[in-house]
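The structure appears right after this line, and notes come after that.
The values are calculated or read from the model by the stated rules, or taken from the named source; none is laboratory data. Everything numeric in this text was worked out from a predicted model, so none of it was measured. Neighbour counts run over all protein chains shown; Cβ positions are idealised from the backbone, glycine included. Just the protein is used for accessible areas: all its heavy atoms, side chains included, with ligands, DNA and RNA removed. Shrake-Rupley method; radii C 1.70, N 1.55, O 1.52, S 1.80 Å.
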Amino acid sequence: MFDIQKKLATRSEEILHDEFGISSKVSFDIPRDTSHGDLTSSIALEVSRPIKKKPQEVAEKIISGIQSMDGVSSATIAGAGYVNVTLTSSALLSGLSSVRETCEPKKASKKSAPVIIEYSQPNIAKPLGVHHLLSTIIGQALSNLYRHLGENVLAWNYIGDWGTQFGKLSVAYELWGKEKPVSSYSLDELLSLYVRFHEEAEKDASLEEKAREASKKLEEGDKTLRQFWKDVIAITKTSLAELYQRLHVSFDLNLGESFYEDKMEPVLQEGIKKKVFKEGEQGALIAEFSEETKMPPYVIRRSDGGTLYSTRDIAQMRYRIDTYHPKAMYILTDVAQKLHFEQLIATCLQLGWELPEFENVLVPRMRFAEKSMSTRKGNILKLEEVLDEAVKRAESLIEEKASDIQGKEREELADMVGIGAVAYGIVSQNRKMEMVFDWKKILTFEGNSAPYLQYTHARACSVLRKAEAKKDIALKKVSDDLALEKGERDLALTLLRFERVLLMTQKDRMPHILSQYLYELSQVFNAFYHTCPILDASEPVRTLRLFLTSLTARVLSTGASILTLRVPERM
Ligand code: ARG
(Lines give C-alpha, C1' and ligand atoms only; values in the text may rest on other atoms or scores of the structure.)
Protein backbone atom coordinates (compact mmCIF):
# COMPACT_ATOMS: atom_id res chain seq x y z
CA MET A 1 0.00 0.00 0.00
CA PHE A 2 1.23 3.47 -0.66
CA ASP A 3 1.03 6.38 1.66
CA ILE A 4 -2.23 8.05 0.70
CA GLN A 5 -3.94 4.70 0.32
CA LYS A 6 -3.18 3.92 3.94
CA LYS A 7 -4.22 7.37 5.14
CA LEU A 8 -7.56 7.17 3.36
CA ALA A 9 -8.27 3.78 4.88
CA THR A 10 -7.41 4.91 8.40
CA ARG A 11 -9.41 8.11 8.12
CA SER A 12 -12.45 6.23 6.80
CA GLU A 13 -12.23 3.72 9.62
CA GLU A 14 -12.32 6.61 12.09
CA ILE A 15 -15.35 8.09 10.38
CA LEU A 16 -17.22 4.79 10.47
CA HIS A 17 -16.41 4.47 14.12
CA ASP A 18 -17.35 8.02 15.08
CA GLU A 19 -20.45 8.35 12.94
CA PHE A 20 -21.90 4.84 13.07
CA GLY A 21 -20.16 3.21 15.99
CA ILE A 22 -18.68 0.35 13.98
CA SER A 23 -15.13 -0.93 13.62
CA SER A 24 -14.58 -2.18 10.15
CA LYS A 25 -11.47 -2.58 8.03
CA VAL A 26 -11.50 -0.27 5.03
CA SER A 27 -9.49 -0.59 1.86
CA PHE A 28 -9.10 1.68 -1.12
CA ASP A 29 -8.07 -0.15 -4.25
CA ILE A 30 -6.96 0.92 -7.67
CA PRO A 31 -9.70 -0.03 -10.09
CA ARG A 32 -8.79 -1.83 -13.28
CA ASP A 33 -10.83 0.68 -15.21
CA THR A 34 -9.32 4.06 -14.38
CA SER A 35 -12.44 5.95 -15.43
CA HIS A 36 -13.64 5.02 -11.93
CA GLY A 37 -11.16 7.37 -10.31
CA ASP A 38 -7.73 6.58 -8.95
CA LEU A 39 -8.88 4.76 -5.86
CA THR A 40 -12.20 3.24 -5.01
CA SER A 41 -13.80 1.64 -1.98
CA SER A 42 -16.95 -0.42 -1.65
CA ILE A 43 -17.01 -0.12 2.13
CA ALA A 44 -20.30 1.82 2.23
CA LEU A 45 -22.04 -1.03 0.41
CA GLU A 46 -20.55 -3.61 2.72
CA VAL A 47 -21.42 -2.03 6.06
CA SER A 48 -24.75 -0.36 5.26
CA ARG A 49 -26.97 -3.38 5.75
CA PRO A 50 -25.99 -4.39 9.29
CA ILE A 51 -26.24 -0.78 10.50
CA LYS A 52 -29.52 -0.27 8.61
CA LYS A 53 -28.41 2.79 6.67
CA LYS A 54 -28.49 3.59 2.99
CA PRO A 55 -25.10 3.00 1.35
CA GLN A 56 -25.27 6.52 -0.07
CA GLU A 57 -25.60 7.98 3.39
CA VAL A 58 -22.54 6.11 4.61
CA ALA A 59 -20.59 7.05 1.49
CA GLU A 60 -21.45 10.71 1.90
CA LYS A 61 -20.17 10.78 5.46
CA ILE A 62 -16.92 9.22 4.35
CA ILE A 63 -16.60 11.62 1.47
CA SER A 64 -17.14 14.70 3.59
CA GLY A 65 -14.44 13.49 5.93
CA ILE A 66 -11.79 12.66 3.35
CA GLN A 67 -12.44 15.39 0.79
CA SER A 68 -10.12 17.93 2.26
CA MET A 69 -7.30 15.51 3.06
CA ASP A 70 -3.87 16.30 1.75
CA GLY A 71 -3.39 14.42 -1.51
CA VAL A 72 -7.07 14.15 -2.36
CA SER A 73 -8.10 16.17 -5.36
CA SER A 74 -11.73 15.09 -5.30
CA ALA A 75 -13.96 12.43 -3.76
CA THR A 76 -17.29 11.44 -5.23
CA ILE A 77 -20.03 8.89 -4.85
CA ALA A 78 -20.60 6.51 -7.74
CA GLY A 79 -23.18 3.86 -8.54
CA ALA A 80 -24.98 2.42 -5.56
CA GLY A 81 -22.51 3.82 -3.05
CA TYR A 82 -18.91 3.45 -4.15
CA VAL A 83 -16.49 6.07 -2.90
CA ASN A 84 -14.24 7.16 -5.74
CA VAL A 85 -11.18 9.27 -5.11
CA THR A 86 -9.03 11.24 -7.50
CA LEU A 87 -5.56 12.00 -6.21
CA THR A 88 -3.38 15.02 -6.67
CA SER A 89 -0.43 14.57 -9.00
CA SER A 90 2.07 14.68 -6.16
CA ALA A 91 0.22 12.13 -4.02
CA LEU A 92 -0.07 9.77 -6.95
CA LEU A 93 3.54 10.05 -8.02
CA SER A 94 5.04 9.91 -4.57
CA GLY A 95 3.20 6.61 -4.11
CA LEU A 96 5.37 5.19 -6.85
CA SER A 97 8.34 4.88 -4.50
CA SER A 98 6.46 1.98 -2.92
CA VAL A 99 6.54 0.20 -6.29
CA ARG A 100 10.31 0.30 -6.30
CA GLU A 101 10.26 -1.40 -2.92
CA THR A 102 7.87 -4.05 -4.21
CA CYS A 103 10.42 -4.87 -6.91
CA GLU A 104 13.03 -5.71 -4.28
CA PRO A 105 12.84 -9.24 -2.91
CA LYS A 106 11.95 -9.17 0.78
CA LYS A 107 14.48 -10.78 3.07
CA ALA A 108 13.17 -13.93 4.68
CA SER A 109 13.59 -14.10 8.39
CA LYS A 110 15.72 -17.08 9.35
CA LYS A 111 13.39 -17.79 12.22
CA SER A 112 10.15 -18.04 10.30
CA ALA A 113 8.84 -21.52 9.59
CA PRO A 114 9.43 -22.65 6.01
CA VAL A 115 6.91 -23.08 3.25
CA ILE A 116 7.45 -26.34 1.41
CA ILE A 117 6.59 -26.17 -2.26
CA GLU A 118 6.84 -29.46 -4.07
CA TYR A 119 6.80 -29.54 -7.84
CA SER A 120 8.02 -31.23 -11.02
CA GLN A 121 8.40 -34.70 -9.38
CA PRO A 122 8.90 -36.73 -12.53
CA ASN A 123 8.91 -40.49 -12.40
CA ILE A 124 12.39 -41.12 -13.60
CA ALA A 125 13.64 -43.85 -15.87
CA LYS A 126 12.09 -42.04 -18.79
CA PRO A 127 12.67 -38.64 -20.37
CA LEU A 128 10.71 -35.63 -19.23
CA GLY A 129 7.60 -35.14 -21.32
CA VAL A 130 6.21 -31.79 -22.26
CA HIS A 131 3.30 -32.39 -19.88
CA HIS A 132 5.78 -32.29 -16.99
CA LEU A 133 6.14 -28.60 -17.68
CA LEU A 134 2.89 -27.74 -15.96
CA SER A 135 3.83 -28.79 -12.47
CA THR A 136 7.45 -27.76 -13.08
CA ILE A 137 6.90 -24.21 -14.30
CA ILE A 138 3.87 -23.33 -12.21
CA GLY A 139 5.67 -24.71 -9.17
CA GLN A 140 8.83 -22.75 -9.93
CA ALA A 141 6.77 -19.57 -10.41
CA LEU A 142 5.07 -20.06 -7.04
CA SER A 143 8.37 -20.82 -5.40
CA ASN A 144 9.88 -17.62 -6.88
CA LEU A 145 6.87 -15.60 -5.80
CA TYR A 146 6.81 -16.84 -2.22
CA ARG A 147 10.52 -16.23 -1.96
CA HIS A 148 10.17 -12.73 -3.39
CA LEU A 149 7.54 -11.98 -0.78
CA GLY A 150 9.89 -12.97 2.02
CA GLU A 151 8.92 -16.56 2.72
CA ASN A 152 11.44 -19.21 3.63
CA VAL A 153 10.80 -21.49 0.69
CA LEU A 154 11.93 -25.09 0.48
CA ALA A 155 11.58 -26.02 -3.16
CA TRP A 156 11.28 -29.78 -3.24
CA ASN A 157 11.58 -32.18 -6.11
CA TYR A 158 9.99 -35.42 -4.92
CA ILE A 159 11.37 -37.53 -7.71
CA GLY A 160 9.54 -40.75 -8.52
CA ASP A 161 12.66 -42.90 -8.17
CA TRP A 162 11.01 -45.91 -6.63
CA GLY A 163 8.15 -48.08 -7.69
CA THR A 164 6.82 -50.29 -10.42
CA GLN A 165 8.45 -48.52 -13.36
CA PHE A 166 11.79 -50.01 -12.32
CA GLY A 167 10.28 -53.45 -12.16
CA LYS A 168 8.91 -53.08 -15.65
CA LEU A 169 12.15 -51.71 -16.98
CA SER A 170 14.22 -54.47 -15.46
CA VAL A 171 11.97 -57.14 -16.97
CA ALA A 172 12.24 -55.46 -20.36
CA TYR A 173 15.99 -55.22 -20.00
CA GLU A 174 16.30 -58.90 -19.12
CA LEU A 175 14.19 -59.91 -22.09
CA TRP A 176 15.25 -57.56 -24.84
CA GLY A 177 18.14 -55.38 -23.81
CA LYS A 178 20.79 -57.43 -22.08
CA GLU A 179 23.33 -57.31 -24.86
CA LYS A 180 24.93 -54.17 -23.39
CA PRO A 181 25.34 -52.84 -19.87
CA VAL A 182 22.58 -50.59 -18.57
CA SER A 183 25.01 -47.82 -17.75
CA SER A 184 25.74 -47.36 -21.45
CA TYR A 185 22.08 -46.89 -22.31
CA SER A 186 20.78 -43.51 -23.36
CA LEU A 187 17.57 -42.20 -21.94
CA ASP A 188 15.88 -42.71 -25.30
CA GLU A 189 16.93 -46.34 -25.39
CA LEU A 190 15.52 -46.82 -21.93
CA LEU A 191 12.30 -45.27 -23.11
CA SER A 192 12.10 -47.71 -26.03
CA LEU A 193 12.45 -50.58 -23.60
CA TYR A 194 9.69 -49.15 -21.51
CA VAL A 195 7.41 -48.64 -24.48
CA ARG A 196 8.11 -52.17 -25.68
CA PHE A 197 7.20 -53.51 -22.27
CA HIS A 198 3.79 -51.89 -22.49
CA GLU A 199 3.19 -53.12 -26.00
CA GLU A 200 4.09 -56.69 -25.16
CA ALA A 201 2.23 -56.64 -21.86
CA GLU A 202 -0.97 -56.01 -23.76
CA LYS A 203 -0.53 -59.39 -25.37
CA ASP A 204 1.06 -61.20 -22.47
CA ALA A 205 -0.41 -60.47 -19.05
CA SER A 206 2.27 -62.47 -17.23
CA LEU A 207 4.73 -59.64 -17.88
CA GLU A 208 2.96 -57.37 -15.39
CA GLU A 209 3.23 -60.09 -12.80
CA LYS A 210 6.94 -60.46 -13.51
CA ALA A 211 7.39 -56.71 -13.12
CA ARG A 212 5.65 -56.76 -9.75
CA GLU A 213 7.93 -59.52 -8.58
CA ALA A 214 10.96 -57.57 -9.72
CA SER A 215 9.78 -54.45 -7.86
CA LYS A 216 9.32 -56.49 -4.76
CA LYS A 217 12.80 -57.98 -5.10
CA LEU A 218 14.25 -54.55 -5.62
CA GLU A 219 12.51 -53.37 -2.50
CA GLU A 220 13.90 -56.32 -0.58
CA GLY A 221 17.39 -55.33 -1.56
CA ASP A 222 18.30 -57.70 -4.41
CA LYS A 223 21.86 -56.72 -5.34
CA THR A 224 21.63 -56.93 -9.13
CA LEU A 225 18.38 -55.04 -9.21
CA ARG A 226 19.75 -52.36 -6.91
CA GLN A 227 22.67 -51.80 -9.24
CA PHE A 228 20.32 -51.68 -12.21
CA TRP A 229 18.19 -49.13 -10.38
CA LYS A 230 21.22 -46.97 -9.54
CA ASP A 231 22.42 -46.99 -13.14
CA VAL A 232 19.05 -45.95 -14.45
CA ILE A 233 18.79 -43.12 -11.95
CA ALA A 234 22.23 -41.82 -12.88
CA ILE A 235 21.26 -41.72 -16.56
CA THR A 236 18.05 -39.83 -15.95
CA LYS A 237 19.37 -37.38 -13.40
CA THR A 238 21.99 -36.03 -15.76
CA SER A 239 19.51 -35.24 -18.44
CA LEU A 240 17.06 -33.85 -15.90
CA ALA A 241 19.63 -31.40 -14.58
CA GLU A 242 20.27 -30.09 -18.07
CA LEU A 243 16.59 -29.48 -18.73
CA TYR A 244 16.02 -27.74 -15.43
CA GLN A 245 18.88 -25.43 -16.17
CA ARG A 246 17.44 -24.47 -19.53
CA LEU A 247 14.12 -23.72 -17.87
CA HIS A 248 15.57 -21.73 -14.93
CA VAL A 249 14.19 -24.28 -12.55
CA SER A 250 15.98 -25.19 -9.35
CA PHE A 251 15.35 -26.99 -6.11
CA ASP A 252 16.59 -26.90 -2.55
CA LEU A 253 15.90 -30.56 -1.99
CA ASN A 254 15.86 -33.51 -4.34
CA LEU A 255 14.64 -36.12 -1.93
CA GLY A 256 12.59 -38.56 -3.92
CA GLU A 257 10.45 -41.53 -3.06
CA SER A 258 13.40 -43.86 -2.42
CA PHE A 259 14.54 -41.61 0.42
CA TYR A 260 11.58 -42.85 2.45
CA GLU A 261 12.45 -46.50 2.11
CA ASP A 262 13.42 -46.85 5.76
CA LYS A 263 10.83 -44.37 7.01
CA MET A 264 7.73 -46.35 6.13
CA GLU A 265 7.87 -49.10 8.71
CA PRO A 266 7.47 -46.81 11.75
CA VAL A 267 4.37 -45.10 10.30
CA LEU A 268 2.93 -48.46 9.28
CA GLN A 269 3.36 -49.66 12.86
CA GLU A 270 1.84 -46.46 14.21
CA GLY A 271 -1.20 -46.85 11.98
CA ILE A 272 -1.69 -50.47 12.91
CA LYS A 273 -1.32 -49.68 16.60
CA LYS A 274 -3.81 -46.83 16.39
CA LYS A 275 -6.14 -49.13 14.45
CA VAL A 276 -6.27 -46.68 11.58
CA PHE A 277 -4.76 -49.26 9.22
CA LYS A 278 -6.77 -52.44 8.97
CA GLU A 279 -6.53 -55.59 7.03
CA GLY A 280 -8.61 -55.36 3.89
CA GLU A 281 -9.30 -57.78 1.06
CA GLN A 282 -6.66 -60.45 0.53
CA GLY A 283 -4.49 -59.17 3.30
CA ALA A 284 -3.74 -55.70 2.02
CA LEU A 285 -3.52 -52.92 4.57
CA ILE A 286 -6.08 -50.15 4.15
CA ALA A 287 -7.45 -47.01 5.77
CA GLU A 288 -11.18 -46.42 5.56
CA PHE A 289 -13.19 -43.24 5.64
CA SER A 290 -16.65 -42.36 6.79
CA GLU A 291 -19.46 -42.81 4.34
CA GLU A 292 -20.22 -39.15 3.78
CA THR A 293 -16.70 -38.50 2.48
CA LYS A 294 -17.57 -40.86 -0.39
CA MET A 295 -13.89 -41.79 -0.52
CA PRO A 296 -12.95 -45.37 -1.31
CA PRO A 297 -10.51 -47.14 1.03
CA TYR A 298 -6.89 -46.09 0.74
CA VAL A 299 -4.55 -49.00 0.13
CA ILE A 300 -1.45 -48.52 2.21
CA ARG A 301 0.39 -51.81 1.77
CA ARG A 302 -0.05 -54.47 -0.86
CA SER A 303 -1.21 -57.94 0.04
CA ASP A 304 2.26 -59.29 -0.79
CA GLY A 305 3.73 -56.88 1.75
CA GLY A 306 5.08 -54.46 -0.86
CA THR A 307 4.81 -50.77 -0.13
CA LEU A 308 3.07 -48.26 -2.35
CA TYR A 309 3.07 -44.67 -3.50
CA SER A 310 0.63 -43.98 -0.64
CA THR A 311 2.93 -45.59 1.94
CA ARG A 312 5.75 -43.30 0.90
CA ASP A 313 3.54 -40.23 0.97
CA ILE A 314 2.44 -40.93 4.52
CA ALA A 315 6.08 -41.35 5.56
CA GLN A 316 6.95 -38.22 3.64
CA MET A 317 4.38 -36.14 5.54
CA ARG A 318 5.67 -37.33 8.89
CA TYR A 319 9.26 -36.70 7.93
CA ARG A 320 8.67 -33.18 6.65
CA ILE A 321 6.66 -32.16 9.68
CA ASP A 322 9.23 -33.55 12.11
CA THR A 323 12.26 -32.24 10.27
CA TYR A 324 11.15 -28.81 9.06
CA HIS A 325 8.06 -27.81 11.07
CA PRO A 326 6.71 -26.09 7.97
CA LYS A 327 3.95 -23.54 8.28
CA ALA A 328 2.53 -24.56 4.94
CA MET A 329 2.97 -27.27 2.36
CA TYR A 330 1.90 -27.02 -1.25
CA ILE A 331 2.18 -30.03 -3.51
CA LEU A 332 1.61 -29.53 -7.21
CA THR A 333 0.19 -32.41 -9.15
CA ASP A 334 -1.94 -33.34 -12.06
CA VAL A 335 -5.70 -33.29 -11.37
CA ALA A 336 -5.70 -37.09 -11.57
CA GLN A 337 -4.11 -37.19 -8.11
CA LYS A 338 -6.81 -35.21 -6.34
CA LEU A 339 -8.34 -38.23 -4.64
CA HIS A 340 -4.97 -39.59 -3.59
CA PHE A 341 -4.22 -36.40 -1.66
CA GLU A 342 -7.67 -36.18 -0.13
CA GLN A 343 -7.19 -39.70 1.14
CA LEU A 344 -3.67 -38.93 2.29
CA ILE A 345 -4.74 -35.91 4.35
CA ALA A 346 -7.74 -37.74 5.80
CA THR A 347 -5.45 -40.60 6.80
CA CYS A 348 -2.94 -38.29 8.49
CA LEU A 349 -5.79 -36.69 10.43
CA GLN A 350 -7.06 -40.11 11.50
CA LEU A 351 -3.59 -40.80 12.80
CA GLY A 352 -4.06 -37.73 14.95
CA TRP A 353 -1.28 -35.76 13.30
CA GLU A 354 -1.20 -32.01 13.45
CA LEU A 355 -0.76 -30.76 9.92
CA PRO A 356 0.50 -27.47 8.51
CA GLU A 357 -1.65 -25.53 6.08
CA PHE A 358 -1.91 -27.81 3.07
CA GLU A 359 -2.99 -27.59 -0.53
CA ASN A 360 -2.71 -30.02 -3.36
CA VAL A 361 -2.22 -27.38 -6.03
CA LEU A 362 -3.76 -28.96 -9.06
CA VAL A 363 -2.64 -28.46 -12.62
CA PRO A 364 -4.74 -29.56 -15.57
CA ARG A 365 -3.98 -31.69 -18.58
CA MET A 366 -2.48 -30.09 -21.61
CA ARG A 367 -4.18 -30.20 -24.97
CA PHE A 368 -2.27 -29.64 -28.18
CA ALA A 369 -3.69 -27.32 -30.78
CA GLU A 370 -1.78 -29.15 -33.48
CA LYS A 371 -2.77 -32.68 -34.37
CA SER A 372 0.75 -33.75 -35.08
CA MET A 373 1.66 -33.13 -31.45
CA SER A 374 -1.16 -35.04 -29.85
CA THR A 375 -1.24 -38.12 -31.99
CA ARG A 376 2.09 -39.64 -31.13
CA LYS A 377 1.07 -43.08 -30.16
CA GLY A 378 2.47 -44.78 -27.09
CA ASN A 379 5.29 -42.32 -27.01
CA ILE A 380 5.61 -39.19 -24.99
CA LEU A 381 6.22 -35.81 -26.51
CA LYS A 382 9.69 -35.13 -25.23
CA LEU A 383 10.28 -31.82 -23.51
CA GLU A 384 13.77 -31.54 -24.88
CA GLU A 385 12.49 -31.73 -28.44
CA VAL A 386 9.82 -29.14 -27.80
CA LEU A 387 12.37 -26.74 -26.34
CA ASP A 388 14.74 -27.23 -29.29
CA GLU A 389 11.89 -26.59 -31.67
CA ALA A 390 10.88 -23.46 -29.72
CA VAL A 391 14.38 -22.02 -29.99
CA LYS A 392 14.41 -22.72 -33.72
CA ARG A 393 11.08 -21.00 -34.17
CA ALA A 394 12.27 -18.07 -32.08
CA GLU A 395 15.27 -17.69 -34.37
CA SER A 396 13.08 -17.13 -37.38
CA LEU A 397 10.93 -14.70 -35.45
CA ILE A 398 14.04 -12.70 -34.58
CA GLU A 399 15.26 -12.91 -38.17
CA GLU A 400 12.02 -11.26 -39.18
CA LYS A 401 11.74 -8.58 -36.51
CA ALA A 402 15.20 -7.85 -35.26
CA SER A 403 17.61 -8.78 -38.00
CA ASP A 404 20.20 -6.29 -36.71
CA ILE A 405 20.86 -8.49 -33.69
CA GLN A 406 23.64 -10.90 -34.63
CA GLY A 407 26.10 -13.42 -33.32
CA LYS A 408 26.15 -14.43 -29.71
CA GLU A 409 23.55 -11.89 -28.67
CA ARG A 410 21.21 -13.37 -31.21
CA GLU A 411 21.74 -16.87 -29.95
CA GLU A 412 21.03 -15.79 -26.42
CA LEU A 413 17.96 -13.92 -27.52
CA ALA A 414 16.61 -16.93 -29.41
CA ASP A 415 17.05 -19.00 -26.31
CA MET A 416 15.37 -16.41 -24.10
CA VAL A 417 12.46 -16.01 -26.47
CA GLY A 418 11.99 -19.67 -27.37
CA ILE A 419 12.27 -21.23 -23.92
CA GLY A 420 10.50 -18.25 -22.40
CA ALA A 421 7.60 -18.60 -24.81
CA VAL A 422 7.02 -22.22 -23.87
CA ALA A 423 7.18 -21.57 -20.12
CA TYR A 424 5.19 -18.36 -20.32
CA GLY A 425 2.59 -20.13 -22.44
CA ILE A 426 1.87 -22.19 -19.34
CA VAL A 427 1.98 -19.65 -16.52
CA SER A 428 -0.17 -17.26 -18.54
CA GLN A 429 -3.07 -19.70 -18.54
CA ASN A 430 -5.51 -20.27 -15.72
CA ARG A 431 -4.48 -23.55 -14.15
CA LYS A 432 -8.08 -24.30 -13.21
CA MET A 433 -9.09 -24.53 -16.86
CA GLU A 434 -7.97 -26.73 -19.68
CA MET A 435 -4.55 -25.73 -20.94
CA VAL A 436 -3.72 -25.51 -24.58
CA PHE A 437 -0.31 -25.67 -26.15
CA ASP A 438 -0.43 -23.69 -29.35
CA TRP A 439 2.69 -22.59 -31.22
CA LYS A 440 0.71 -19.83 -32.89
CA LYS A 441 -0.25 -18.26 -29.58
CA ILE A 442 3.05 -18.51 -27.76
CA LEU A 443 5.52 -17.40 -30.40
CA THR A 444 3.96 -14.19 -31.58
CA PHE A 445 4.14 -10.50 -30.75
CA GLU A 446 0.41 -10.32 -30.33
CA GLY A 447 -1.59 -10.97 -27.20
CA ASN A 448 -0.31 -12.11 -23.83
CA SER A 449 2.83 -13.82 -25.03
CA ALA A 450 6.45 -13.91 -23.93
CA PRO A 451 7.72 -12.09 -27.04
CA TYR A 452 5.24 -9.25 -26.49
CA LEU A 453 6.41 -8.71 -22.92
CA GLN A 454 10.04 -9.08 -23.89
CA TYR A 455 9.62 -6.61 -26.71
CA THR A 456 7.92 -4.08 -24.42
CA HIS A 457 10.73 -4.38 -21.90
CA ALA A 458 13.34 -3.91 -24.62
CA ARG A 459 11.45 -0.86 -25.88
CA ALA A 460 11.52 0.73 -22.41
CA CYS A 461 15.25 -0.01 -22.12
CA SER A 462 15.89 1.47 -25.53
CA VAL A 463 14.25 4.76 -24.51
CA LEU A 464 16.39 4.89 -21.38
CA ARG A 465 19.50 4.13 -23.42
CA LYS A 466 18.77 6.92 -25.85
CA ALA A 467 18.20 9.34 -22.99
CA GLU A 468 21.40 8.07 -21.43
CA ALA A 469 19.36 7.82 -18.30
CA LYS A 470 20.26 5.74 -15.30
CA LYS A 471 18.32 2.50 -14.96
CA ASP A 472 16.94 3.58 -11.66
CA ILE A 473 15.77 7.16 -11.91
CA ALA A 474 14.66 8.90 -8.76
CA LEU A 475 11.81 11.37 -8.93
CA LYS A 476 11.85 14.59 -6.96
CA LYS A 477 8.60 15.84 -5.52
CA VAL A 478 6.43 17.20 -8.32
CA SER A 479 4.18 20.16 -7.95
CA ASP A 480 0.44 19.65 -7.96
CA ASP A 481 0.19 22.19 -10.76
CA LEU A 482 1.63 19.60 -13.06
CA ALA A 483 -1.50 18.18 -14.60
CA LEU A 484 -0.89 14.56 -15.57
CA GLU A 485 -1.89 13.40 -19.02
CA LYS A 486 -4.12 10.36 -19.30
CA GLY A 487 -1.28 8.19 -20.57
CA GLU A 488 0.89 9.12 -17.59
CA ARG A 489 -1.87 8.75 -15.07
CA ASP A 490 -2.95 5.34 -16.36
CA LEU A 491 0.62 4.10 -16.33
CA ALA A 492 1.25 5.36 -12.79
CA LEU A 493 -1.93 3.71 -11.55
CA THR A 494 -1.15 0.43 -13.28
CA LEU A 495 2.32 0.40 -11.73
CA LEU A 496 0.78 1.03 -8.33
CA ARG A 497 -1.31 -2.12 -8.66
CA PHE A 498 1.78 -4.35 -8.73
CA GLU A 499 1.98 -5.14 -5.03
CA ARG A 500 -1.66 -6.14 -4.73
CA VAL A 501 -1.35 -8.34 -7.81
CA LEU A 502 1.54 -10.21 -6.24
CA LEU A 503 -0.46 -10.78 -3.08
CA MET A 504 -3.49 -11.97 -5.01
CA THR A 505 -1.36 -14.33 -7.06
CA GLN A 506 0.04 -15.72 -3.83
CA LYS A 507 -3.34 -16.05 -2.15
CA ASP A 508 -4.85 -18.12 -4.96
CA ARG A 509 -1.58 -19.69 -6.06
CA MET A 510 -2.52 -18.83 -9.62
CA PRO A 511 0.41 -17.35 -11.56
CA HIS A 512 -1.79 -16.34 -14.47
CA ILE A 513 -3.04 -13.42 -12.32
CA LEU A 514 0.46 -11.94 -12.37
CA SER A 515 0.84 -12.75 -16.05
CA GLN A 516 -2.42 -11.01 -16.93
CA TYR A 517 -1.25 -7.95 -15.04
CA LEU A 518 2.10 -7.83 -16.85
CA TYR A 519 0.21 -7.99 -20.11
CA GLU A 520 -2.00 -5.07 -19.07
CA LEU A 521 1.02 -3.11 -17.92
CA SER A 522 2.68 -3.68 -21.30
CA GLN A 523 -0.41 -2.47 -23.10
CA VAL A 524 -0.72 0.62 -20.91
CA PHE A 525 2.99 1.37 -21.34
CA ASN A 526 2.76 1.02 -25.11
CA ALA A 527 -0.23 3.40 -25.16
CA PHE A 528 1.77 5.86 -23.04
CA TYR A 529 4.73 5.49 -25.39
CA HIS A 530 2.57 6.40 -28.37
CA THR A 531 0.68 9.31 -26.80
CA CYS A 532 3.30 10.88 -24.56
CA PRO A 533 6.59 11.78 -26.28
CA ILE A 534 9.39 11.02 -23.87
CA LEU A 535 12.72 12.15 -25.24
CA ASP A 536 11.43 15.36 -26.83
CA ALA A 537 9.43 16.53 -23.83
CA SER A 538 10.69 19.49 -21.83
CA GLU A 539 11.48 19.38 -18.12
CA PRO A 540 10.09 18.44 -15.64
CA VAL A 541 7.86 16.29 -17.83
CA ARG A 542 10.76 14.56 -19.52
CA THR A 543 12.21 13.30 -16.24
CA LEU A 544 8.78 12.21 -15.09
CA ARG A 545 8.27 10.19 -18.26
CA LEU A 546 11.70 8.65 -18.05
CA PHE A 547 10.98 7.75 -14.46
CA LEU A 548 7.73 6.03 -15.45
CA THR A 549 9.59 4.23 -18.22
CA SER A 550 12.32 2.97 -15.92
CA LEU A 551 9.81 1.82 -13.34
CA THR A 552 7.87 -0.03 -16.01
CA ALA A 553 11.03 -1.85 -17.05
CA ARG A 554 11.69 -2.79 -13.42
CA VAL A 555 8.22 -4.10 -12.79
CA LEU A 556 8.21 -6.02 -16.06
CA SER A 557 11.51 -7.71 -15.40
CA THR A 558 10.69 -8.43 -11.75
CA GLY A 559 7.30 -9.91 -12.60
CA ALA A 560 8.59 -11.83 -15.58
CA SER A 561 11.45 -13.37 -13.66
CA ILE A 562 9.03 -14.56 -10.98
CA LEU A 563 7.27 -16.34 -13.82
CA THR A 564 10.66 -17.81 -14.91
CA LEU A 565 10.77 -15.55 -17.96
CA ARG A 566 13.91 -13.58 -18.82
CA VAL A 567 13.54 -10.26 -20.61
CA PRO A 568 16.14 -8.71 -22.95
CA GLU A 569 17.51 -5.16 -23.02
CA ARG A 570 17.46 -5.07 -26.79
CA MET A 571 15.23 -6.80 -29.26
N1 ARG B 1 5.86 -38.66 -9.19
C2 ARG B 1 4.45 -38.49 -9.17
C3 ARG B 1 3.89 -38.62 -10.60
O4 ARG B 1 4.57 -38.34 -11.54
C5 ARG B 1 4.01 -37.17 -8.58
C6 ARG B 1 4.42 -36.95 -7.14
C7 ARG B 1 3.52 -36.02 -6.39
N8 ARG B 1 3.92 -35.79 -5.06
C9 ARG B 1 3.66 -36.59 -4.03
N10 ARG B 1 4.09 -36.22 -2.85
N11 ARG B 1 2.99 -37.69 -4.17
O12 ARG B 1 2.75 -39.00 -10.74
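This model, with +1 at the C-beta of Lys and Arg and -1 at the C-beta of Asp and Glu, gives the stretch 504-571 a dipole about its Cα centre of some 200 debye.
Within the full protein context, the accessible area of Ser27 is estimated at about 60 Å² for a probe radius of 1.4 Å.
Beta bridges from DSSP with both residues in the chain: antiparallel share about 45 percent, rounded to the nearest 5. Here the stretch 368-478 has 49 percent of its accessible surface on carbon and sulfur atoms, given a 1.4 Å probe and all protein chains in place. The trypsin sites (Lys or Arg not before Pro) of the stretch 336-445 that DSSP puts in a loop, and whose beta carbon has at most 15 other beta carbons within 10 Å, are Arg365, Arg376, Lys377, Lys432.
Taken as Cα centroids, the stretch 24-43 and the stretch 444-499 sit 22 Å apart, rounded to the nearest whole angstrom.
Cross-link pairs exceeding 29 Å between alpha carbons, from the set Lys168/Lys441; Lys216/Lys278; Lys216/Lys237; Lys180/Lys223; Lys392/Lys486; Lys294/Lys441: Lys168/Lys441; Lys392/Lys486; Lys294/Lys441.
Restricting the stretch 199-281 to trypsin sites (Lys or Arg not before Pro) that sit in a DSSP loop and have at most 16 other Cβ atoms within 10 Å of their own Cβ leaves Lys274, Lys275.
Summing Lys and Arg as +1 and Asp and Glu as -1 over all other residues whose Cβ lies under 9 Å from the Cβ of Arg497 gives a net charge of -1. Loop-resident trypsin sites (Lys or Arg not before Pro) (DSSP state other than H, G, I, E or B) in the stretch 448-550 with no more than 11 further Cβ atoms inside 10 Å of their Cβ: Lys470, Lys471, Lys476, Lys477. Here the convex hull built on the C-alpha positions of the chain has a volume of 192 cubic angstrom per residue.
These residues, His248, His340, go from largest to smallest accessible area, 1.4 Å probe, as His248, His340. Taking every Cα-Cα distance in the stretch 57-180 and sorting them into 5 Å bins starting at zero, the pair-distance distribution P(r) comes out as 2, 9, 10, 9, 8, 8, 8, 9, 9, 7, 5, 4, 3, 3, 2, 2, 1, 0 percent. Based on protein heavy atoms only, the chain ends up with 47 Å² per residue of surface accessible to a 1.4 Å probe. Relative contact order for the stretch 73-172: 29 percent, from Cα pairs under 8 Å spaced at least 6 residues apart, divided by residue count.
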